[in-house]
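Before any comments, here is the structure.
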Amino acid sequence: MQLELSPEDAAFREEMRTFFTTEFPQEIRDTVLEGRHLTRDQIVESQRVLNKAGLAVPHWPQEWGGRGWTDLQRHLWHEEMQRAGVPVPLAFNASMIGPVLAQFGTQEQKERFLPATANLDIWWSQGFSEPDAGSDLASLRTTAVRDGDDWVVNGQKTWTTLGQHGDWIFTLVRTDPEVKKQAGISMLLIDMTLPGVEVRPIELIDGGHEVNEVWFTDVRVPGDLLVGEVNGGWTIAKFLLGNERVGVAPVGITKRALATLKDNAGDRLDDPLVRARVVELENQLLALELTALRVVAHSAGGEPHPASSVLKLTGTELQQAVSELAVDLAGPASIASGADEDSPLPGWARRSAPTYLNLRKASIYGGSNEIQRQIIARSILGL
Amino acid sequence: MDFTYDDEQQALREAVRGLLTKQYGDYEVRRRTTATEPGFDEDLWRRLAEMGVLGLPFAESDGGVGAGPVEIGIVCRELGRVLAPEPYLTGVVLAGGLVSAAGSPEQRAEVLGAVAAGERVLAVAHDEPEGPRWTTAAPGTTATQEGDRWLLTGTKDPVLHGARADQVVVTATLPDGGTGLFLVGANSDGDAPDRTGYATYDGGRAARIVLDGTPAVPLGDPTTDRSGTLATMLDLTRVMAANQALGVMQAQLAATTSYLTSRKQFGVTLNHFQALTFRAADMYVSLELTHSIVDWATMTIATGDRDALADAAARCALQTSRASRHIGQEAIQLHGGIAMTAEYSVGTATAHLTVLDHLFGDGDHHLRALAEGVTDHDTLEALG
């Protein structure tokens, strides 16, 4: 048992911190630190700066830009980015389809897509959820039917985050309706500019346009864009959803949000009830961060440390709780979400309620928190 | 950064677990033991001494083993797992720690050697019926000097294992202010204090100790204010109490999952009901978060930084308090009526957690202290 980082890891952290705070574009960091929305161009620029420095896809295989870091080093990289207000690499590219193609793709697919994916020359969207396939993902109904060398796709995906920016979409489609539902699913890569692909915005409770429906009507997809085996998609989906150990819990971003909140709170921090809420949150975040460290330091081989399952659950709950406190501290100013920039009310206070409402999503996506409890109960507790 | 035990630490854990499971693996033995005086097993105490466990925290020059906080934490966790009623936390960790920190070289060798050998049981008399709680002050007990002699007057209650103890470390307000530390009991010259022992609701033992001009021996230099020493030893003991509570909670969750997979109602085992399994999952979340912070606080002791320890102890105690109520209450509820009975371990485990929660400061106590310093930092840094 030892608390300190090894000299090597401490030096690594310092190297990350220095890069993120001195070499990364300040304007993008300011946008993140002030809680404003990033534009598509800013997200792309951000990832290209990281990629140029070898910091966009460090967890990929080394021949495709990976760095061969330990889980702990990846954790430090991830936390330092969030601490500095550097947007983390686009998850759909860096955490989802990239590792999948590196693991299951053909050599041709790897060469065609991986460099462009790392550099965000291709913006990927995720086409998994459907109106009738949420937590029960395997009941998805979008079909792909073989026609010559092509697949013809029909159906509807939903909750496609930032799909309005997407160039390509990785989808789970039903390629065999006759077998057990998990056994008839394949993964197909679809160019979103193809005829028959339509992206329709969904307006959310925060007033923003973050997610979309994606409709497929007789979309012809070349056969070489199927990933892995035909009807092997469920294995890939499980790999994609379950292989992450680093960055599962939003620790750094929530710590920063709470620190910003304390800064903004001013005199309201003199209220003992407010102070008590802050202390409880800080303490739970500390316990969460330490748990994340236990997980990255001691996940052996392919299997994550069992405690990893608490990270998403607790991390999203705390992220939501901090956003809730922000609304309470903003008070009546939280109502003025539609006011213009001439408003005498501070920006953080005007943005607090939409942020609070937006973050209700966190306990729903990525395997809802009820799914997380199911995993804990079944896999860890044997119930 | 490393959250695992080395080979020697694992061997210690296996040895202590082996001994304690043999003794208290059957809960009925614990129940019988606490039904009679002195409320723990003197033979087990001697065997713990033979194993070196009672001397773990003390320097080799004082007759101890010179082990670190991780080793002491291992012992406390194992004691917690079986609800062992032996007076380790207060008698060895806190009382021995105070002698170790404040005693003269002669006192350390004499007292700690006897403690390590299992020949002498110590207690700490600090809590008082009136006045502030869980601080370093002892306003209701005064120390006065009469020639070469020191005399103590005041009432201490509750004093854990205060009736059985051979010697008691007593806190008292010094003539010039501040808190002094004194030894009272078998080896003090003159009259012993009036001690009234009783059982606590978790099967433990405590006593009321009335000092009335009772002769006492100062630990080390009698004119030194020991508030700082006391504060640090209380912080260390808070972390060890959290280790003990963690052991209790681990056992409670294990008992609960075992019960849910064996007990049948409506023709099926209880784990078929998601309303129950989700609550067990939430217990696991509380347990793992607590495990992380207890490990962290235990390692913080080893840094030797008193301020860092004070902060870590408060944070660890706050989380442990919240978790022990959650897990303790849910363990009973998920078992149902059986956990209300004295013959089953789970209810007593919750009782024991409640004692641990109120020994050195509950969650709200530490929350209040931490709230004072909430503007001293932007963020908390787990890795410093």
*Name the residues in segment A:1-41 that are crowded, with 16+ Cβ neighbours inside 10 Å, more than 14 Å from chain B (Cβ to nearest Cβ) and part of a helix (DSSP H, G or I), would you?*
A:F19, A:F20, A:I28, A:R29, A:T31, A:V32
*Can you name the residue in segment A:261-278 that is within 11 Å of chain B (Cβ to nearest Cβ) and among the acidic types (D, E) and, of all such residues, is nearest to B:T379 (Cα to Cα)?*
A:D263
*Does B:E37 satisfy the criteria of being farther than 21 Å from B:A349 by Cβ and either in the same structural domain as B:G204 (by TED's automatic domain parsing) or loosely packed, with under 13 Cβ neighbours inside 10 Å (or both)?*
yes
*When residues of segment B:262-282 are limited to those that are farther than 24 Å from A:S368 by Cβ and surrounded by 14 or more Cβ atoms within 10 Å (Cβ to Cβ), the one farthest from the other protein chains (Cβ to nearest Cβ)*: B:R263
*Would segment A:268-276 turn up any residue that is in a loop (DSSP other than H, G, I, E, B), at pLDDT below 95 and surrounded by fewer than 18 Cβ atoms within 10 Å (Cβ to Cβ)?*
no
_Qualifying position, being crowded, with 17+ Cβ neighbours inside 10 Å, closer than 22 Å to A:L258 by Cβ and away from chain B (no Cβ under 14 Å), among A:S352, A:S363_ = A:S352
*If B:A242 satisfies every condition in (1) within 14 Å of another protein chain (Cβ to nearest Cβ); (2) surrounded by fewer than 24 Cβ atoms within 10 Å (Cβ to Cβ) but one, which is the exception?*
(2)
*Out of (1) within 9 Å of chain B (Cβ to nearest Cβ); (2) small (G, A, S); (3) more than 19 Å from A:R245 (Cβ to Cβ), what's the single condition that is false for A:A287?*
(3)
_Please determine whether any residue of segment B:126-142 is modelled with pLDDT under 95 and more than 29 Å from B:V248 (Cα to Cα)._
yes
*Scan segment B:1-30 and report the pairs whose first residue is within 14 Å of chain A (Cβ to nearest Cβ) and whose second residue is hydroxyl-bearing (S, T, Y) and assigned to a loop (DSSP other than H, G, I, E, B), with Cβ atoms within less than 7 Å and a gap of 6+ or a chain change.*
B:R13/B:Y5
*What pairs come up if the first residue lies in segment A:154-176 and is assigned to a helix (DSSP H, G or I), the second is surrounded by 24 or more Cβ atoms within 10 Å (Cβ to Cβ), and their beta carbons are under 7 Å apart, counting only those six or more places apart or on different chains?*
A:G163/A:S125; A:G163/A:V214
*asked:* Take the conditions crowded, with 21+ Cβ neighbours inside 10 Å, more than 20 Å from the chain's Cα centre (by Cα), in contact (Cβ under 8 Å) with a residue 40 or more places away in the chain and farther than 30 Å from A:H305 by Cα and apply them to A:I190. Does it pass?
replied: yes
*Output the number of the condition that A:E317 fails; it satisfies all remaining conditions of (1) within 7 Å of chain B (Cβ to nearest Cβ); (2) closer than 27 Å to A:L381 by Cα; (3) modelled with pLDDT of 95 or more.*
(1)
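So that you can scan it fast, the table gives a plain yes or no per residue for (1) among the small types (G, A, S); (2) assigned to a loop (DSSP other than H, G, I, E, B):
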site	(1), (2)
A:A183	yes, no
A:L188	no, no
A:L194	no, yes
A:V199	no, no
A:I205	no, yes
A:E210	no, no
A:E213	no, no
A:F216	no, no
A:R220	no, no
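I'm trying to understand the selection: among the residues of segment B:197-227, which are within 21 Å of the chain's Cα centre (by Cα), assigned to a strand (DSSP E or B) and surrounded by fewer than 23 Cβ atoms within 10 Å (Cβ to Cβ)?
Listed by number, the residues that qualify are B:G197, B:Y198, B:A199, B:A206, B:R208.
The values are calculated or read from the model by the stated rules, or taken from the named source; none is laboratory data. Since the structure is predicted, the reported quantities are computational estimates derived from the model, not experimental observations. A quick note on method: Cβ atoms are made from the backbone with ideal geometry, for glycine too, and the neighbour counts reach across all protein chains shown.
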